[in-house]
Structures are given as C-alpha cells and as structure tokens.
Amino acid sequence: MDFLALIQSQVSASGTIPGWPSRFRIALSGGATPKLFYQRLTQSPYREQIPWDKLWFFWGDERTVPKEHPDSNFGMADSALLSKVPVRSGQVFRIRGEEAPPQSAREYEAILRNHFGSRDEWPAFDLILLGLGADGHTASLFTGSPALQEYGISSLGRRKEDRMAEAYPAPRWVVHNVVRALQTVRITMTMPVINQSKNVWFMVTGLKKAAVFARAQEKAGYDCPASLVRPLQGDLRWYVDKAVLGNSAG
Ligand code: 6PG
C-alpha cells in the first residue's frame, strides 16, 4: 500500500535531519469515506508494519461538537483507528470542537505554529487526507464560505485588496467557518495550508460523487473548492472507486 511506503520514505528522510525526531505528520479527514481506510490500518500487515510511534495525528477540520458527539471527526478516527493502535495521547492533536469556534480555531492554529515551529513559513504536513462533498467542498471549505478568502489572500502570492484582507495581519492557517448551507460553523484548515502539504490524498467513493469528481479535475474555481487543491510542491493523489469514475471506468 502507498501509505506504508510513504510513511517509510518520509520518516527515513526526516530521520536524516540532525536533531530532528523522525516523524510523520498526517492530517486526518472526517466524513464516512476514510473510516474504512482507518479501520484497515488496524489490521495486518499495517498494524505491525506502520511505525506508530513516528506518526503525529492532526485533523483538517472538525465539527463544532464535543469529541463524544457522533458527528465528531476526532471521535470517528479515535474509535476506528487511534484507540486500536499503539499511539500515545501526546501524538494526537485534536481540534477542540467544544470550544467557542473563534477560540477553537485560534487555539488550533497556535498548536500548529508551535508544532511546526515557525511564525512565518507555512506548515508542511507529510500527508493531508481529504474527502469530497457532493457540492465540491473539501475539509470544511465550502463554496461561498468566508474561509475561502484565505485562498484568495495568500495563494496568489499577494494580498488581495478585499474587505477581508485588512481584517487580520496575515493569512490564517485555521479558521472557524460559517457554513450557511448546513446552518453550522466548522473549524477548518485553510486552503494555503492544504496546498503546502508534501502529499494530499483524496478518498472518494460512490456514484453520487462522479459528477463532482469530474468537476474537481477541471479548472480551479471557487464554485468547487476541491478544485483549488493544487499542492505547490507536493504530490496530489485521488483514490476513487469505479463508481466515481463513471463511464470512463470502462
Ligand atoms: C467532514 C469532512 C468533509 C468530508 C466530505 C465527504 O468533516 O465531513 O471534512 O470534507 O470529507 O463531506 O464526506 P463523505 O466521505 O462522508 O462523503
């Protein structure tokens, strides 16, 4: 499986940096699709072969609910994976969805900045897992939601002169995002963070995602946030099933 090979390559690479603890930093996705992947990692041969002590777990987004809530992305990953493999609590950095959303976002950004150890550079995750919503969202970056402004402000290499730009000193890594379509608020990494990742893997299954998958491959646009995932140096992969590929699957 690519996952094992990727971990081994990244861990050995980071291990060669003097004084740098060899570790693999992964941001997990929520939703139903990745659950099967997480569960698979708890089984042979992955359970035995993955260097669990080298993995550091983060989340790309979280719902504004406590970790015990059935909608919690942390809760899903904890029950499907983390509670079943030898990972210490110090390797797991969850988004505290139970906090007030602006505070939760600020706190998580501080955790990332502390972990990645720099005030200026963007964080470079070893792997960010993403799902794809039927409406084209990914993480909790929804069409028309304020969080996409971060993409406009920073990923074009210059600050856009828009009403949001002067609202804060620099593009943010994590924001709380009002999702009107779902009448909820989510906490999410911003698109620039995703596009700084060394590897980004989408996991998409089911016929209902065929149309949006095709759209996401086309021209990048705000009407399909997933299409804005274009890692600057990293590797982008789509893991899809035949149903998603539709007729082209043959
Ligand atoms: C979430 C995810 C979200 C998800 C898509 C696809 O918190 O729900 O971050 O982006 O990946 O909505 O969800 P499914 O895998 O359940 O189709």
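The values are calculated or read from the model by the stated rules, or taken from the named source; none is laboratory data. Note that the structure is a prediction, hence the values are computed from the model and not measured. Don't worry about glycine lacking a Cβ; one is built from the backbone with ideal geometry, like all the others, and counts go over all protein chains shown. For accessibility, only protein heavy atoms count, side chains too; no ligands or nucleic acids. Shrake-Rupley method; radii C 1.70, N 1.55, O 1.52, S 1.80 Å.
Please give every one of the aspartates and glutamates within straight-line cross-link reach of residue 54, meaning a C-alpha to C-alpha distance under 18 Å, and leave out same-chain neighbours fewer than 8 residues apart.
Qualifying aspartates and glutamates at Cα under 18 Å: 2, 78, 126.
If I ignore ligands, DNA and RNA and count only protein heavy atoms, how much of residue 79 is accessible to a 1.4 Å probe, in Å² to the nearest 10?
Result for residue 79: roughly 60 Å² accessible.
Could you identify which residue out of 237, 172, 186 has the top mean-square fluctuation in a GNM of the chain using Cα springs shorter than 10 Å?
237
Could you check how much of the accessible area of the chain is carbon and sulfur, as a whole percent, using a 1.4 Å probe?
Details: 6250 of 11720 Å².
Here carbon and sulfur together make up 53 percent of the probe-accessible area.
What is the distance, in nm, between label points placed 7 Å from the Cα along the Cα-to-Cβ direction at residue 91 and at residue 42?
Here the answer is 1.5 nm between the modelled labels.
For the pair residue 83/residue 53, report the inter-label distance in nm, with labels modelled 7 Å from Cα in the Cβ direction.
For the pair residue 83/residue 53, the computed spacing is 2.5 nm.
Excluding residues on the same chain fewer than 8 positions from residue 84, give the aspartates and glutamates whose Cα lies under 15 Å from its Cα.
Partners within reach: 48, 53.
As a test, work out the antiparallel percent of DSSP beta bridges whose residues both lie in the chain, rounded to the nearest 5.
Working: 11 of 28 bridges.
Antiparallel: roughly 40 percent of the beta bridges in the chain.
Beyond a 27 Å Cα-Cα separation, which of these cross-linked pairs lie in this structure: 67/219; 219/242; 35/198? Walk me through the numbers before you get to the answer.
Numbers: 67/219 37 Å; 219/242 23 Å; 35/198 22 Å.
Beyond 27 Å: 67/219.
Extending each Cα 7 Å along its Cβ direction at residue 241 and residue 207, get the distance between those two points in nm, one decimal.
1.2 nm
From the convex hull of the Cα coordinates of the chain, what is the mean projected area in square nanometres?
Details: hull surface 55.2 nm².
Its average projected convex-hull area is 13.8 nm².
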